[in-house]
Amino acid sequence: MTAASIAGLLPELLMPEPEWSPLASAPALGGEAASCDEESVRLMLRVKEGDIRAFERLVELHQGMVIGTATRMLGNVDDAHDIAQQLFLRIWKSAPRYEPTAKFTTWMFTILRNLVFNETRRRGRRKEVALETDPNSDDTPQRQYIDATSPAPDQHVQHDELELALEKAIAALPEKQRLAVVLRRHEEMPYEQICKILKMSLPALKSLLFRARLELRKHLAGHLGDHD
């Protein structure tokens, strides 16, 4: 199968996701990450031989976390789907040269990092964050998970407000800090793997996350009060 036919197939493979909200997380990389990664490597080696069914399974396994991460980075679900299609097309085209020298997810997220960073730079680093859309607009996906017709305990409402404020604060971080926080917080990725994806040393990554945490605390000061 050619790259062109794969490109035509990708919109079918990438099934529509539920409307994304800041509380919706893709499956974390923790827990069964090792077995998932081993399966991904086995599938990728079959893709290397031109196995389209293995490629379909690979997309099914990883599209959720790819689209979730890209959405948090770009603030737009449609753009995230476009990035996901580009990523899986690159994976298909790279298959003949693939060698399992690193975790599959590390390799995949390195490609995702490049695509996302290129997109943000193409935009001229404009702050296009879907979480900051006009509250009077009908298109406010960040509020769709809140059922305004159902009474909720004050504590639950405060938690939702804090989560929304946190996602907005993360979206405002510089791209490298944002990706490090998203991978750590939402994908539960170990520091060592994030280091490889961002091509940073462990001390540099910890420094990056420390600066990100200070920035987040600054944005969330009105919500946190005396709590960390």
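The values are calculated or read from the model by the stated rules, or taken from the named source; none is laboratory data. None of these values were measured; they are calculated from a predicted model. Glycine gets a Cβ as well: all are built from the backbone with ideal geometry, and neighbour counts include every protein chain shown.
Residues of region 38-60 that are of a type outside the set (Gly, Ala, Ser), surrounded by 17 or more Cβ atoms within 10 Å (Cβ to Cβ) and within 30 Å of Glu167 (Cα to Cα): Leu58, Val59.
Take the conditions assigned to a helix (DSSP H, G or I) and either modelled with pLDDT of 95 or more or of a type in the set (S, T, N, Q) (or both) and apply them to Ser25. Does it pass?
Working: assigned to a helix (DSSP H, G or I): no; either modelled with pLDDT of 95 or more or of a type in the set (S, T, N, Q) (or both): yes.
It is false that Ser25 is assigned to a helix (DSSP H, G or I) and either modelled with pLDDT of 95 or more or of a type in the set (S, T, N, Q) (or both).
Counting only residues that are acidic (Asp, Glu) and either closer than 21 Å to Ala180 by Cα or touching a Gly at 6+ places or on another chain (Cβ under 9 Å) (or both), region 55-106 holds 1 of them.
What about Leu183, is it touching an Asp or Glu at 6+ places or on another chain (Cβ under 9 Å), outside the structural domain of Val41 (by TED's automatic domain parsing), surrounded by 15 or more Cβ atoms within 10 Å (Cβ to Cβ) and modelled with pLDDT of 85 or more? In short, no.
Those residues that are farther than 22 Å from Leu166 by Cβ and either exposed (fewer than 15 other Cβ atoms within 10 Å of the Cβ) or among the polar types (S, T, N, Q) (or both), I need them from region 186-195; list them, please.
Step one: filter region 186-195 for residues farther than 22 Å from Leu166 by Cβ, giving 192-193, 195.
Result: Glu192, Gln193.
Which one of Glu167, Glu161 is modelled with pLDDT under 90 and closer than 24 Å to Thr105 by Cα? Selected residue: Glu167, the only one of Glu167, Glu161 that is modelled with pLDDT under 90 and closer than 24 Å to Thr105 by Cα.
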